[in-house]
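S.K.: The structure follows.
Please treat every number below as a calculation from the coordinates, not as lab data. The structure displayed is predicted, hence computed values, not measured ones. FYI the Cβ positions are ideal-geometry reconstructions off the backbone, even for glycines, and counts take in every protein chain you see.
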Amino acid sequence: MKRLVTLFTEGFADWETALLNGVARGFYGAETEFATPGGTPVTSMGGMRIIPNFAIEDTDLSRVDALVICGGRIWQSPLAPDLTNLVRDARTHGVLIAAICDGTLALARTGLLDTVRHTSNGKGYLDASGYGGAALYADVPHAVIEEKIVTAPATAPVTFMAEVLRGIGLADDRLDLYIGMHAAEHGGNAARTQAA
């Protein structure tokens with residue numbers, strides 16, 4: 001059974017990883033677990049309170065297929081936890097590492113995005129992290145995967161979900177159906193706009 005561990009912090013962005021965890025667990029039977037700094041409960045931007053399975057510091061990477069960093073305002077503050085050792089250990093263990101929105105700032109600070117193609121919330125968004133990967137930045141509206149590293153802007157939870165699932169080998173004939181189902185609203189809005 002595949003196992004995904006999502007890292008949440010105080011004020012995390014509810015919508016960014018909800019689809020990934022819901023599809024992974026509900027449609028593919030994956031095990032989904034959640035970790036926070038110190039293992040303490042955290043509250044999302046939308047007011048959803050999470051009681052984690054364990055502390056970020058206690059993550060057993062030998063049993064993890066995907067390590068997911070959810071976005072949230074904390075990643076832009078001095079209160080952001082340092083994930084450098086965890087991310088480097090995950091890389092050593094061959095774990096897929098994924099980050100969305102401000103979670104990409106956490107990943108940039110570890111140096112992991114210095115050598116792989118990646119994306120975030122816009123060109124220049126990661127520059128404040130002091131990282132050295134600006135030349136590899138892809139200014140695209142969807143998730144990007146390279147060398148088992150998935151990055152996405154906040155507005156791309158559907159392709160983020162898809163690339164993480166593909167990256168850990170859960171993609172099958174149904175994945176296109178799920179992608180279409182969850183992204184149908186966007187196609188519908190475009191059609192209504194053109195018709196107006």
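S.K.: Taking the Cα centroid of the stretch 1-28 and of the stretch 74-92, what is the distance between the two, rounded to the nearest whole Å?
M.R.: When both Cα centres are located, 18 Å separates them.
S.K.: If you don't mind, there's one more thing I want to ask. In terms of the Cα gyration tensor, with a ≥ b ≥ c the square roots of its eigenvalues, is the stretch 3-171 rounded because a/c is under 1.5, prolate because a/b exceeds b/c, or oblate?
M.R.: Cα axes put the stretch 3-171 in the rounded bin.
S.K.: In addition: Looking at the square roots a ≥ b ≥ c of the eigenvalues of the Cα gyration tensor of the stretch 8-60, which shape do they give, rounded for a/c under 1.5, prolate if a/b is larger than b/c, or oblate?
M.R.: Oblate.
S.K.: Continuing with the same structure: In whole percent, what relative contact order does the chain give with Cα contacts below 8 Å and a gap of six or more residues?
M.R.: 19 percent
S.K.: Taking a virtual spin label 7 Å from the Cα of Phe27 along the C-beta vector, which residues in the stretch 157-185 bring their backbone nitrogen under 11 Å of it?
M.R.: 158-159, 161-163, 165-166, 171-184
S.K.: Could you check what % of the DSSP bridge pairs in the chain are antiparallel, to the nearest 5?
M.R.: 25 percent
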